[in-house]
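The structure appears right after this line, and notes come after that.
The values are calculated or read from the model by the stated rules, or taken from the named source; none is laboratory data. What you see is a predicted model; the values in this text were computed from it and never measured. Note that each Cβ is placed from the backbone with ideal geometry, even for glycine, and that neighbours are counted across all protein chains shown.
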Amino acid sequence: MFYKQIITAAILFAVLPPVAAKSLKSSLRDCGEIESSEQRLVCFDKLLESKNHETNENDQSPPPITDEIGLATQEEAEPNVEHSVVITSCESSSSANRLFFYLDNGQVWRQKNVKWMSKRDCQSNGVIREDFFGFTLFIEAMNKSVRVSRVR
């Protein structure tokens, strides 16, 4: 029993210095130089776990959209604010070839400009950006942005 603890501690001390290296390239190189396949896998797992933890801390997505955004009675609108949304579907209007975007929280937004957009890629994540001129919806699946106004 005591030998298993010593072996585990020795493996951890052998693996931790490569993980604590400063750059990703040198860390990968150090992990690749480990002879034992089990220790090498443990080193790569620790490196991946530490890098995922760093990226999760740095990844800041915009806050979800609230019901007050886009209403005409909103007071003191802050320019250049982003809100993350999930577009559940979109339909075209028969009169002007413009799309209506239906969000997961029940809001409906209407395309203002006559820019052609495909309806098949509508169901994706998006970001509504507010500026001094109104609102812009960026659809990630299409990699396009379109000026929109809120219907309800």
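Taking the residues in the range 21-51 that are assigned to a loop (DSSP other than H, G, I, E, B) and within 28 Å of the chain's Cα centre (by Cα) as candidates, determine which candidate is nearest to I7 (Cα to Cα).
For the range 21-51, the residue satisfying everything is A21.
Anything in the range 116-135 that is surrounded by fewer than 17 Cβ atoms within 10 Å (Cβ to Cβ) and not charged (D, E, K, R)? List them, or say none.
W116, S118, Q123, S124, N125, F132, F133, G134
If N113 satisfies every condition in (1) buried (at least 16 other Cβ atoms within 10 Å of the Cβ); (2) at pLDDT below 80; (3) under 19 Å from R152 (Cα atoms) but one, which is the exception?
(1)
What are the residues in the range 100-152 that are part of a loop (DSSP other than H, G, I, E, B), touching a Cys at 6+ places or on another chain (Cβ under 7 Å) and not basic (K, R), if any?
Within the range 100-152, just C122 meets the criteria.
Failed condition for R152, given (1) among the basic types (K, R); (2) within 18 Å of S93 (Cβ to Cβ); (3) surrounded by 13 or more Cβ atoms within 10 Å (Cβ to Cβ), with all others met?
Going through the list (1) among the basic types (K, R); (2) within 18 Å of S93 (Cβ to Cβ); (3) surrounded by 13 or more Cβ atoms within 10 Å (Cβ to Cβ), R152 breaks only (3).
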